[in-house]
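Any read-out appearing in this document is the output of simple, stated calculations on the displayed coordinates, not a laboratory observation. All of these numbers come straight from a predicted model, not from anything done at the bench. Note that we place each Cβ from the backbone using ideal geometry, even for glycine, and neighbour counts take in every protein chain shown.
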Amino acid sequence: MTTMPLEPLDVRMIPPGVRHATIFGIIERLAPGDAFSIVNDHDPAPLWRQIDARYPGAFSWTYIVQGPQSWQVEIGRTEAELGAEHDADCGGHGDGHSCTCGH
């Protein structure tokens, strides 16, 4: 897995209502073998459950720092296919819906 040359995404700076949508917008654009990391003030395990439920086996999840005040996780794209359809956490991508996740 190659790590993208990006600074970790500090999700503490993103409004809570759009954090997961923002992260999904990034991970869905990762090429197989690429990764990025996020920094949070709590264990982002609920995000992992959402990712794995939506895309079983398509992403890896590696803790870099495990609290207690800061958590950093690397999220990587495996070789698995994402699939063409998914439910958007941002409100939708259909006509009449305003996308907030960058799709």
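Shape call for the range 2-77 from the C-alpha gyration tensor, a ≥ b ≥ c root eigenvalues: rounded (a/c under 1.5), prolate (a/b greater than b/c) or oblate? Here the range 2-77 falls in the rounded category. Contact order for the range 2-77, expressed relative to its length and based on alpha carbon pairs under 8 Å spaced 6+ residues apart, stands at 35 percent.
Based on the Cβ-Cβ distance from residue 50 to residue 70, what FRET efficiency comes out when R0 is 30 Å, to the nearest 0.05? With R0 = 30 Å, the Cβ-Cβ based efficiency is 0.90.
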